[in-house]
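Only one structure is covered here, and it is reproduced in the block below.
The values are calculated or read from the model by the stated rules, or taken from the named source; none is laboratory data. Bear in mind the structure is a predicted one, so any value in this text is a computation, not a measurement. Every residue, glycine as well, gets a Cβ built from its backbone with ideal geometry; the counts of neighbours run over all protein chains shown.
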Amino acid sequence: MGKQASTKVCVTGGAGYIGSWLVKKLLEKGYTVHATLRNLDDQLKVGLLKSLPGADTRLVLFQADIYKPYEFRYAIQGCEFVFHVATPQQTAGSSHSSQEIVEAAISGVRSIAESCIESQSVKRLIYTASMLASSPLTKDGFNLKSCLNESNWTPSDIIFTHGFEYMRAYTISKTLAEKEALRYNENPGDEKLLEVVTLTCGLVGGETLLPYVPLSVEVMFSQLIGKPQTFGGLELMEEVMGSVPVVHIEDVCDAHIFCMEKPSMRGRFLCAAANPTIREMATYFLENESQYQMPEEFMGEEKKGIAYDSSKLVKLGFEYKYDMKKILDDSVKCGRRLGSIFLN
């Protein structure tokens, strides 16, 4: 643990779904962690992180808001690696417009990357990207390419027929923010100062440290609870991606740490263990959760789906431990434990 304890890493958005689990795993591996939260007066979130094993000696909390990206420089100072997990959210009572969400995501990446370079200590920035930025849709928005891989980018003028307004803003913001992050691998001089990895993650499911069900997990089992709002997120993914790439929270965080622990690494990497259609997910639920009634409108259409190539990360040595069945099972267990799934 000696070497890890002397290695400082920063996790932005440390109190979120992915961020909190990542902080937990980094502490378990012996690293010293600088984690950012929007509000250090939020005792629920602060208490959750401080209760993690190892937090008493190797966790330092910083207040930083993605809408004020300059605040992150203090958490980044002295770190060797930075995980930029935080993303602008549209919460209840939020006055931020869709355009402000997009602009905050881009300026946040830019400011954090610049802070990494200015620190003279950060070797690598790992950005938590979204598979929604990797649509295989053709430029006309009506057809799908033959395969989903790292070469795909979601068209900026795409028109969505599913999902709610925040999901549309989220998709655009994650696409443009990831492109901004990767720009630091292309600028002459910058690539010598900072390596940038973007980990383009599918829909994340499994358990959580949070006292509520994260949105992505609720979207994962939305067919079981018959909730149109979150099922719209599932429909949006299939519309944009041709299917629903899914990944377990354990694999997501292991992939982040894998990208950090490689001697040298940069570029874009897809991160999803399976790529089912909505209909295939419904079929699994009907066969394994037969006590629930699933209305036809939540079954999804019969579709072929699309080929998915996640070999780029695997070829470097990463191994997924959780398949689609385990991802869905653990998501349902999480929903039951936290009272979001009940018999209808």
* Unique residue being among the polar types (S, T, N, Q) and at pLDDT 95 or above when the list is 331, 340, 310 -> 331
* Would you say residue 258 is closer than 21 Å to residue 201 by Cβ and aromatic (Phe, Trp, Tyr)? -> yes
* Structure fact -> Residue hits (the range 19-51; touching a residue at least 60 places away in the same chain (Cβ under 8 Å) and in a loop (DSSP other than H, G, I, E, B)) are 29
* polar (S, T, N, Q), touching an Asp or Glu at 6+ places or on another chain (Cβ under 8 Å), in contact (Cβ under 8 Å) with a residue 12 or more places away in the chain and surrounded by fewer than 22 Cβ atoms within 10 Å (Cβ to Cβ) - does that describe any residue in the range 57-68? -> yes
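Look through 287, 302, 280, 250 and report the one residue that is of a type in the set (D, E, K, R) and without any contact (Cβ under 8 Å) to a residue 12 or more places away in the chain. Break it down stepwise before answering.
Details: 302 fails: without any contact (Cβ under 8 Å) to a residue 12 or more places away in the chain; 280 fails: without any contact (Cβ under 8 Å) to a residue 12 or more places away in the chain; 250 fails: without any contact (Cβ under 8 Å) to a residue 12 or more places away in the chain.
Only one candidate passes the filter, namely 287.
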* Could you say whether any residue in the range 21-29 is within 22 Å of residue 115 (Cα to Cα) and more than 20 Å from the chain's Cα centre (by Cα)? -> no
* Qualifying positions in the range 316-344 - of a type in the set (Lys, Arg) and either over 20 Å from residue 246 (Cα atoms) or in a helix (DSSP H, G or I) (or both) -> 325, 326, 333, 336, 337
* Asked: Which residue pairs have Cβ atoms closer than 7 Å, lie 6 or more positions apart in sequence or on different chains, and pair a first residue in the range 323-343 that is surrounded by fewer than 20 Cβ atoms within 10 Å (Cβ to Cβ) with a second residue that is part of a loop (DSSP other than H, G, I, E, B) and of a type in the set (S, T, N, Q)?
  -> 343/291
* In the set 130, 134, which member is under 14 Å from residue 170 (Cα atoms) and either of a type in the set (Phe, Trp, Tyr) or in contact with a Leu (Cβ under 8 Å, 6 or more places away or on another chain) (or both)? -> 134
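Given the options 100, 150, 71, name the one that is more than 21 Å from the chain's Cα centre (by Cα), on the phi < 0 side of the Ramachandran plot and of a type in the set (D, E, K, R).
On the way: 100 fails: more than 21 Å from the chain's Cα centre (by Cα); 150 fails: more than 21 Å from the chain's Cα centre (by Cα).
Answer to the selection: 71.
For the range 2-18, how many residues meet the condition of being among the hydrophobic types (A, V, I, L, M, F, W, C) and either in a strand (DSSP E or B) or farther than 19 Å from residue 256 by Cα (or both)? Even if it seems obvious, please write down each step before you answer.
Start the filter on the range 2-18 by keeping residues that are among the hydrophobic types (A, V, I, L, M, F, W, C), which leaves 5, 9-11, 15, 18.
Subsequent filtering for residues that are either in a strand (DSSP E or B) or farther than 19 Å from residue 256 by Cα (or both) retains 9-11.
Total meeting the criteria: 3.
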* Count - residues of the range 292-315 that are under 27 Å from residue 341 (Cα atoms), assigned to a loop (DSSP other than H, G, I, E, B), of a type in the set (A, V, I, L, M, F, W, C) and within 26 Å of the chain's Cα centre (by Cα) -> 1
* Residue in the range 209-232 that is farthest from residue 109 (Cα to Cα), counting only those that are out of contact with any Ser or Thr (no Cβ under 7 Å at 6 or more places or on another chain) and crowded, with 22+ Cβ neighbours inside 10 Å -> 224
* Structure fact -> Of the listed residues (312, 262), the one being among the charged types (D, E, K, R), within 30 Å of residue 83 (Cα to Cα) and in contact with a strand residue (DSSP E or B) (Cβ under 6 Å, 6 or more places away or on another chain) is 312
* To do: Please specify each residue of the range 183-208 satisfying the condition of being buried (at least 18 other Cβ atoms within 10 Å of the Cβ) and either in a helix (DSSP H, G or I) or aliphatic (A, V, I, L, M) (or both).
  => 184, 194, 196, 197, 199, 203, 204
* Asked: Among the residues of the range 9-40, which ones are over 14 Å from residue 208 (Cβ atoms), in contact with a helix residue (DSSP H, G or I) (Cβ under 8 Å, 6 or more places away or on another chain) and either surrounded by fewer than 23 Cβ atoms within 10 Å (Cβ to Cβ) or aliphatic (A, V, I, L, M) (or both)?
  -> 9, 11, 26, 27, 29, 30, 32, 33, 35, 37, 39, 40
